[in-house]
Amino acid sequence: VETFAIGFGRPIFSWVRDDGVKWQIGWLPFGGYVKIKGQEFDNEADPYSVPDGFFGKSPLDRIKVAFMGPFVNILFAIVAFGALWLIGG
């Protein structure tokens, strides 16, 4: 992971941890994103040659990454709906 962001747009606040991952908080609080290493490359570059990049991982690891994004979104929606239901909303 190169960047982990909560919210979109220009970052209000950002920092870089010791592991080199840039964390940031954007000014539009409508979600977030994760920029994965090795997914953006030039036309001439081989995506499999990026050290510790997305395409350098096994197919099972790439499937897990692709699955977990939508899964966490659905899980969050169920938890948020349940919380609203419990408070009587």
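The values are calculated or read from the model by the stated rules, or taken from the named source; none is laboratory data. Every value quoted in this text rests on a predicted model; they were computed, and no experiment measured them. Cβ atoms come from the backbone with ideal geometry, glycine included; neighbour counts cover every protein chain shown. The area values use the complete protein model at the heavy-atom level, side chains included, leaving out ligands, DNA and RNA. Shrake-Rupley method; radii C 1.70, N 1.55, O 1.52, S 1.80 Å.
Between F81, F71, which is surrounded by 10 or more Cβ atoms within 10 Å (Cβ to Cβ), at negative phi, assigned to a helix (DSSP H, G or I) and under 18 Å from the mean Cα position of the chain (by Cα)?
Of the residues listed, the single one that is surrounded by 10 or more Cβ atoms within 10 Å (Cβ to Cβ), at negative phi, assigned to a helix (DSSP H, G or I) and under 18 Å from the mean Cα position of the chain (by Cα) is F71.
Of the conditions (1) touching a strand residue (DSSP E or B) at 6+ places or on another chain (Cβ under 6 Å); (2) open to solvent by less than 70 Å² (accessible area, probe 1.4 Å); (3) modelled with pLDDT of 90 or more; (4) not hydrophobic (A, V, I, L, M, F, W, C), G32 clears all except one; give me its number.
(3)
Quick one: which of W27, W15 is closer than 30 Å to A77 by Cα and in contact with a Lys or Arg (Cβ under 7 Å, 6 or more places away or on another chain)?
Sole residue among the options that is closer than 30 Å to A77 by Cα and in contact with a Lys or Arg (Cβ under 7 Å, 6 or more places away or on another chain): W27.
How many residues does the range 41-59 contain that are modelled with pLDDT under 80, open to solvent by less than 80 Å² (accessible area, probe 1.4 Å) and under 20 Å from K22 (Cβ atoms)?
1
Only one of G7, G38 is surrounded by 13 or more Cβ atoms within 10 Å (Cβ to Cβ), in contact (Cβ under 8 Å) with a residue 24 or more places away in the chain and not in a helix (DSSP H, G or I). Can you tell me which?
G7
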